[in-house]
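Inspection log for the structure reproduced underneath, given as structure tokens.
Here, each number is a calculation from the coordinates, and none is a lab measurement. The structure presented is a predicted model; accordingly, all values stated were derived computationally and were not measured. Ideal geometry is used to build each Cβ from the backbone, glycine not excepted, and the neighbour counts take in all protein chains shown.
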Amino acid sequence: VRPVLSTNGTLLTRDRARELKRAGLQYAGVSVDGLPERNDRIRGEEGAFDAAVRGIEACLDVGLKTGLRYTITEHNVADLAGVVDLLVDVGVDRFCFYHLDYGGRGADISDVDLSPEATRQAVTDLCDLTREYHDAGEEIETLLVGNYADAGYLVEYADRELGIDRARLIHRYLRRNGGDPTGER
């Protein structure tokens, strides 16, 4: 069992992060919805962005593996590059890019999901940003979550941007990893 936490980070202090780590927590994923103004508007709380960043820093300060979670919509796609920059500035090395899930509360906001074209552009931008940071010596891990159609596009992107050998390697990894597990249990 690998205990992990998904949180908005606003209540994470250094002491609380230390207690969680001592209790066996392996990873904290802290969600933000954009840069400060947009995040606070979406979250409905002034200062929520700054509190989330303090929570991220508290986790990192005690040596707890921490990642940034970002669900992309029409409301926050413009902040994508700034959020990735934040990730690097704060010292987080894992970025989880979530497509909007229409289950739960996502059903209430499905009208702000990106079009397929805008989604493809956002994924392209994220891949480009990740490559730029890797080229600059920053080792960030980028995950695409919630849209298994990304797999085919990643192979296409790799072929175009990184060459056929890298695309084949990515394709082999994706085949080994499997596809959408929905309904397998």
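Among the residues that make up region 57-78, is at least one of them more than 28 Å from residue 23 (Cβ to Cβ) and part of a helix (DSSP H, G or I)? Yes, the conditions are met somewhere in region 57-78. Count of region 95-127 residues, restricted to those that are of a type in the set (Asp, Glu), surrounded by 14 or more Cβ atoms within 10 Å (Cβ to Cβ) and part of a helix (DSSP H, G or I), is 1.
Might you let me know whether region 80-87 holds any residue that is assigned to a strand (DSSP E or B), under 16 Å from residue 130 (Cβ atoms) and either under 16 Å from the mean Cα position of the chain (by Cα) or in contact (Cβ under 8 Å) with a residue 60 or more places away in the chain (or both)? Taking every residue of region 80-87 in turn, none turns out to be assigned to a strand (DSSP E or B), under 16 Å from residue 130 (Cβ atoms) and either under 16 Å from the mean Cα position of the chain (by Cα) or in contact (Cβ under 8 Å) with a residue 60 or more places away in the chain (or both). Against the test of being buried (at least 16 other Cβ atoms within 10 Å of the Cβ) and on the phi > 0 side of the Ramachandran plot, the options 63, 55, 67, 34 yield a single qualifying residue, 34. In the set (1) touching a Cys at 6+ places or on another chain (Cβ under 8 Å); (2) part of a helix (DSSP H, G or I), the condition left unmet by residue 143 is number (2). Comparison of 172, 105 shows that the only residue that is over 24 Å from residue 41 (Cα atoms) and among the basic types (Lys, Arg) is 172. Of the residues contained in region 40-54, none is found to be in contact (Cβ under 8 Å) with a residue 12 or more places away in the chain, within 16 Å of the chain's Cα centre (by Cα) and not in a helix (DSSP H, G or I).
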